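K.L.:
If you scroll down you'll find the structure; I have some questions about it.
The values are calculated or read from the model by the stated rules, or taken from the named source; none is laboratory data. Since the model is a prediction, treat every value here as computed from it, not as a measurement. Here Cβ is always computed from backbone atoms with ideal geometry, including for glycine, and neighbour counts include all displayed protein chains.
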Amino acid sequence: MAKTIGIFDSGVGGLTILSSIVNEMSDSAEYHYVADSLHAPYGSKSIEALLERSRRITEFLISKGSELIVVACNTATTQVISALRAEFKIPFVGIEPAVKPAAQLSVSKRIGVIATANTLKSNLFKQTLKTYASECKTFTRMGEGLVEAIETGELASIELNDLVRDHVAYFNSNKIDVLVLGCTHYSFLSLLFEKYLDQSTSLVTPNEAVARRVQSVIGTLDSQAGSVSSIYVYSTSEKLGSLKKLIAAENLEVDQVLHTQI
Ligand code: DGL
């Protein structure tokens, strides 16, 4: 069997992780990506609702032959990945805000994290702060409005520009020197964040670290590398326009983009 990797997010955000994985992988693989755009955003959903969506999507990805699932969503990882691991036998790789590298990089020991409400209130995030950033003053902010705007695929709108400027103003006024993008959707806006952040502030995402982790886990499985990589993208929404636009923005060579009911 060819190496087969399942990936999901509440919507288009995890495409930024998919492209990091495709770039990192030394072998060809088959990728199945689910954008749960019909049910986005996940940021304020109950744990029960998140678990229900994540469980169904995991079953779908396993039915496509996935032998490893990447939860390319900070919100789902911080809320339900341990329940998924307990329920399904295959390995899961998750993503959570890159607090540890941010704390190491910070000179002023003032760091910022922008993420969804669910991620910021999760026990996993609180624990991560305690473990890795206890010597830092951490400023957190919910990225209100960002996921909805990114899901439209209109990344160059004036409204989105103003929204990012407002979020960034909070961090600039608190004199941080490292900002963690704690939601996979926000990676699409890296340049916009950089445009407004004070020049001395660095932006951090865990995308490369997640891709390296996927590469190392997939290497432990028995399956063989295929001769070429293939990528299948599914959306729970019938509207595929913004998904296709953001696939192009990430330079992903996708074989098929399909609507699916999960
Ligand atoms: N992209 C997701 C994350 O990394 C979820 C955003 C949302 O749906 O609210 O948190």
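K.L.:
Which one of TYR186, TYR170, TYR234 is part of a helix (DSSP H, G or I) and in contact with a Leu (Cβ under 8 Å, 6 or more places away or on another chain)?
P.N.:
TYR186
K.L.:
So, one more: For ALA35, which of the numbered conditions (1) closer than 27 Å to ALA149 by Cβ; (2) at pLDDT below 95 fails to hold?
P.N.:
ALA35 satisfies all of (1) closer than 27 Å to ALA149 by Cβ; (2) at pLDDT below 95 except (2).
K.L.:
Hey, could you check region 174-199 for residues that are over 21 Å from GLY145 (Cβ atoms) and out of contact with any Ser or Thr (no Cβ under 9 Å at 6 or more places or on another chain) and say which is farthest from the ligand (Cβ to nearest atom)?
P.N.:
The qualifying residue farthest from the ligand (Cβ to nearest atom) is GLN199.
K.L.:
Separate question: Which members of region 101-134 meet the condition of being part of a helix (DSSP H, G or I) and within 14 Å of the ligand (Cβ to nearest atom)?
P.N.:
Listed by number, the residues that qualify are ALA117, ASN118, THR119, LEU120, LYS121, LEU124, PHE125.
K.L.:
Now for a different question. Does TYR170 qualify as being of a type in the set (Phe, Trp, Tyr) and more than 21 Å from the chain's Cα centre (by Cα)?
P.N.:
In short, yes.
K.L.:
May I ask you to verify whether SER229 is surrounded by 14 or more Cβ atoms within 10 Å (Cβ to Cβ) and modelled with pLDDT of 95 or more?
P.N.:
no
K.L.:
Here's another thing I want to ask about it. If we keep just the residues of region 147-166 that are touching a Phe, Trp or Tyr at 6+ places or on another chain (Cβ under 7 Å) and closer than 16 Å to LEU179 by Cα, which is farthest from the ligand (Cβ to nearest atom)?
P.N.:
For region 147-166, the residue satisfying everything is ARG165.
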